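Notes for the one structure printed next.
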Amino acid sequence: GAVVSQHPSRVICKSGTSVKIECRSLDFQATTMFWYRQFPKQSLMLMATSNEGSKATYEQGVEKDKFLINHASLTLSTLTVTSAHPEDSSFYICSALTSGGAYEQYFGPGTRLTVT
Amino acid sequence: ELKVEQNPLFLSMQEGKNYTIYCNYSTTSDRLYWYRQDPGKSLESLFVLLSNGAVKQEGRLMASLDTKARLSTLHITAAVHDLSATYFCAVDKRMGNYKLTFGKGTLLTVNP
């Protein structure tokens, strides 16, 4: 149980375009999901907390107008990178928080974004 | 601000040897996690440690938690090449919506 999927697994886009990444909890409902970014050989950095039915909470230094998060249902959160630039190239990982007492994060397989 | 420090950041060891990775955190936390990450992959959960004195073992890996010292260890016994990966510890706090704070990771290379 507790499977989280991400789509796409890899995406290449041109500078100035936008790209959407989906994060789905497949066998549980998640009122809270998290989006992380990981640069090569670095740790995971939390970008934002996505709450179903409300606005996302962004970490300090993360541009909310650039990284749009929508958590429209209990099983889906999306991250849209708007007007992408090469420096946005990174590995984006989402996680979904289980509820019902355990409150543990399960991680998706990640999305490799390359902006050319 | 919660800070998590891991050491060493790089660990090269021979097969058959033992070693320990250390994880210190700065403030009281609710849970401590250990994850494994293979190149190009996402995180694989290894252990969740909930209370002081907790010890968990899976195969050649054993994790422990000392909440008074704010220290967790991941001990590797008789390392094998398949254990080569990056290992992260992370802590969360229920205040702050269960956000995880990660250490920088330990890149483990096990040589034949």
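Some values worked out for this structure:
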{"read-out": "Per-peptide average of other Cβ atoms within 10 Å, ordering A:37-45, B:26-34 highest first", "value": "B:26-34, A:37-45"}
{"read-out": "Peptide B:47-60, shielding by other chains (average Cβ, 10 Å cutoff)", "value": "0"}
{"read-out": "Modelled FRET efficiency - R0 35 Å, B:Asp30 with A:Glu87, Cβ distances, 0.05 increments", "value": "0.55"}
{"read-out": "Inter-chain Cβ neighbour average for residues A:38-46, partner chain, 10 Å", "value": "5"}
{"read-out": "A:Asp27/B:Ser45 FRET efficiency (R0 22 Å; Cβ-Cβ; nearest 0.05)", "value": "0.90"}
{"read-out": "Estimated vicinal HN-Hα couplings, Hz - the stretch B:103-109 in sequence order (Karplus 6.51, -1.76, 1.60; Gly, Pro = x)", "value": "x, 6, x, 10, 7, 9, 10"}
{"read-out": "Kirkwood-Stokes translational diffusion coefficient of the stretch B:72-112, alpha-carbon pairs, 10 °C, 1.306 mPa s, µm²/s", "value": "131 µm²/s"}
{"read-out": "Packing-based order for A:85-94, B:13-22, B:68-77, using average beta carbon neighbours within 10 Å, highest first", "value": "A:85-94, B:68-77, B:13-22"}
{"read-out": "Largest-first principal axis extents, alpha carbons of chain B, Å", "value": "44, 30, 20"}
{"read-out": "Isolated Cys in chain A, by beta carbon distance under 4.7 Å", "value": "A:Cys13"}
{"read-out": "Ratio Rg/Rh [Cα only; Rh per Kirkwood] for chain A", "value": "0.95"}
{"read-out": "Members of B:Lys17/B:Lys93; A:Lys66/B:Lys56; B:Lys3/B:Lys41; B:Lys68/B:Lys104; A:Lys41/A:Lys66; A:Lys55/B:Lys56 lying beyond 31 Å, as alpha-carbon distances in this model show", "value": "B:Lys17/B:Lys93; A:Lys66/B:Lys56; A:Lys55/B:Lys56"}
{"read-out": "Cα pair distances of the protein assembly as shown binned at 5 Å [whole percent]", "value": "1, 7, 14, 18, 18, 16, 12, 8, 4, 1, 0"}
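The numbers here are math on the coordinates, done by the rules we state, and not lab data. Nothing here was measured: the structure is a model prediction, and the numbers come from that model. Positions of Cβ are backbone-derived with ideal geometry, glycine not excepted, and every protein chain shown enters the neighbour counts.
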